[in-house]
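Okay, so here's the structure we're looking at.
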């Protein structure tokens, strides 16, 4: 497409399983959006993240006719980016991938921050996110930001799709060994991984290890819960406990536990399993009776665009 003269800003939501890049006018008019693969440098490495960014911006320019010299500002929320050193590296990669000059205002956050801004239209409130992983992020009116969770699948991600899937497979193995109660999850695990014997689960899980695959097994656990499997019920009860704790601990650290406040849910796992959402909400509101659950106003990429526009006013 031929380049066009149009001032623009962008928001980027770079997650562990996919990414979205959105261009808007400085006033907020939608111009173009493109999607791509994962952007987490913890799993891709910095070279992989750089290649993913180049692919995204290449697609944006090809489809929109926007020119890098007309970009005024951008904001990126990137999974796995938490430290100041990380944000500095990512800013450099964004400048290179987008072909931006040094005068373009670029801000980089962990992906939970633009999600918070999108959910509430400002950086204030508590957002509980449970997809493949889990995290809660919150901010108060004084501008203090805290997060709970987000430690990754090895030492955290409690209550997430990954965690439920892993707990389900572990329960299947325990039943096979007669170390745990009977559960239909054993037959579901064999079918899911397309194996005949329980011990075949070992190579099926480990030789081609993939977090997303383990997370998808959480749907089988949810289905068995609805059929009355007590082990699956127990797993989801604990998931709701853990997710609620992410939100309530965030409120406590913000000094908001005894005050009025708003909480929103995000993430495909939490928002697409109504029973889990209801159970989690009930636990949160029992601990934080002055809070209320609200629907998110917008998504993370919209939140990133909002933060990019705000950076122009600073």
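Read the figures in this text as sums done on the coordinates, not as results from a lab. Just so we're clear, the structure is a prediction, and the values are computed from it rather than from any experiment. Here Cβ is always computed from backbone atoms with ideal geometry, including for glycine, and neighbour counts include all displayed protein chains.
Descriptive notes on the structure:
- Of the two radii for the range 44-140, the radius of gyration is 1.00 times the Kirkwood radius, both from the alpha carbons; that is the Rg over Rh value.
- In range of the label at residue 213: residues from the range 183-201 whose backbone nitrogen is under 20 Å from the point 7 Å along Cα→Cβ: 185-201
- With both labels modelled 7 Å from their Cα along Cα-to-Cβ, the residue 155 to residue 195 distance reads 2.9 nm.
- Equivalent ellipsoid, the range 123-295 (semi-axes from 5 times Cα gyration tensor eigenvalues, Å): 33, 16, 12
- Relative exposure of 29, 107, 248, judged by other C-beta atoms within 10 Å (fewest first): 29, 107, 248
- The chain - share of DSSP beta bridges that are antiparallel (%, nearest 5): 55
- A straight line joining the Cα centroids of the range 102-164 and the range 276-314 runs 10 Å.
- Relative intensity, log₁₀ I(q)/I(0), of the chain from a Debye sum that treats every alpha carbon as a point, q = 0.10, 0.14 Å⁻¹: -0.61, -1.05
- Cα long-axis angle, helix 274-287 against the chain (0 to 90 degrees, to the nearest 10): 80
- Burial ordering of 19, 148, fewest other beta-carbon atoms within 10 Å first: 148, 19
- Förster-model FRET efficiency, 45 Å R0, residue 6 and residue 46, C-beta, rounded to 0.05: 0.90
- q = 0.26, 0.34 Å⁻¹, the range 92-132: log10 I(q)/I(0) [Debye, one scatterer per Cα]: -0.85, -1.15
- In angstrom, the C-alpha Rg and Dmax of the range 80-193 are 20.0, 64.
- The range 17-42 and the range 71-99: distance between their alpha carbon centers, rounded to Å: 13
- Ascending count of other beta-carbon atoms within 10 Å, so fewest first, for 113, 219, 9: 219, 113, 9
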